[in-house]
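Participant: Have a look at this one before I ask anything.
Please treat every number below as a calculation from the coordinates, not as lab data. Computed from a predicted structure; not experimentally measured. Cβ coordinates were reconstructed from backbone atoms using ideal geometry, including for glycine residues, and neighbour counts include every protein chain displayed.
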């Protein structure tokens with residue numbers, strides 16, 4: 001029994017090393033979402049273009065869209081923004097969620113950098129973000145014509161992500 005005690009630290013080390021190795025092999029952009037294949041959460045929030053106009057889940061229905069969570073305080077969002085402008089120019093429907101941000105700063109950002117969004121939902125308090133399970137910005141959801149979330153991408157959408165991951169799904173859903 002006393003000899004077995006000598007191996008306990010080694011066994012603990014092996015177990016911890018296995019957990020550490022498993023953690024390193026995870027892809028942080030593949031964060032699971034409980035909302036995949038569930039309807040987009042109900043909401044009623046102001047539009048960035050007109051704060052007197054409320055947007056709701058029904059405004060997302062009827063077309064496949066990318067729903068992009070962004071903010072002016074998000075450095076990665078600035079890198080992603082030109083790609084979103086390119087996609088919008090190609091006819092991709094993109095809905096913005098301005099997340100926990102200053103609305104006047106957000107309007108200025110879009111005036112200066114271009115506005116790829118068909119509409120922008122103002123989520124100042126982060127309530128819609130909580131319902132979506134947002135970890136931070138940027139995050140992008142692929143939402144089908146019926147308002148069902150089909151995919152979640154955490155991180156920057158660049159052309160590689162678009163071409164390899166989002167575009168095939170977007171096109172498939174558009175044809176359904």
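Participant: How would you classify region 46-149 from its alpha-carbon gyration tensor, with a ≥ b ≥ c the square roots of the eigenvalues: rounded for a/c under 1.5, else prolate if a/b is greater than b/c, otherwise oblate? Could the numbers behind the result be given before it?
Facilitator: On the way: a/c = 1.31, a/b = 1.11, b/c = 1.19.
Rounded shape, in that the Cα axes give a/c under 1.5.
Participant: Also: What is the extension gain from residue 75 to residue 130, computed as 0.36 nm multiplied by their sequence separation minus the C-alpha to C-alpha distance, in nm to one decimal? Don't skip to the answer; put the middle values down first.
Facilitator: Values: separation 55, 0.36 × 55 = 19.80 nm, distance 2.08 nm.
Gain in length upon complete extension: 17.7 nm.
Participant: Once the piece of chain linking residue 39 and residue 118 is laid out straight, how much longer is it, given 0.36 nm per residue of separation minus the C-alpha distance between them?
Facilitator: Numbers: separation 79, 0.36 × 79 = 28.44 nm, distance 2.01 nm.
Once the chain is fully extended between residue 39 and residue 118, it gains 26.4 nm.
Participant: Further, regarding this structure: Want the number for residue 50 to residue 86: 0.36 nm per residue separation, take away the alpha-carbon distance, what's left? Please report the intermediate quantities before stating the final value.
Facilitator: Details: separation 36, 0.36 × 36 = 12.96 nm, distance 2.45 nm.
The residue 50-residue 86 span can extend by a further 10.5 nm.
Participant: So, one more: What fraction of the DSSP beta bridges in region 34-173 is antiparallel, stated in percent and rounded to the nearest 5? Working shown, then result.
Facilitator: Details: 15 of 25 bridges.
Counting only bridges with both partners in region 34-173, antiparallel ones make up about 60 percent.
Participant: Give me the one-decimal nm value for the distance between modelled label points at residue 59 and residue 160, 7 Å along each residue's Cα-to-Cβ direction.
Facilitator: Once both label points are built, they end up 3.5 nm from each other.
Participant: Still on this structure, I have one more. Say R0 is 30 Å: what FRET efficiency, to the nearest 0.05, do residue 169 and residue 108 get from their beta-carbon distance? Spell out each step's value before the answer.
Facilitator: Values: r = 33 Å, r/R0 = 1.09.
Approximately 0.35, to the nearest 0.05.
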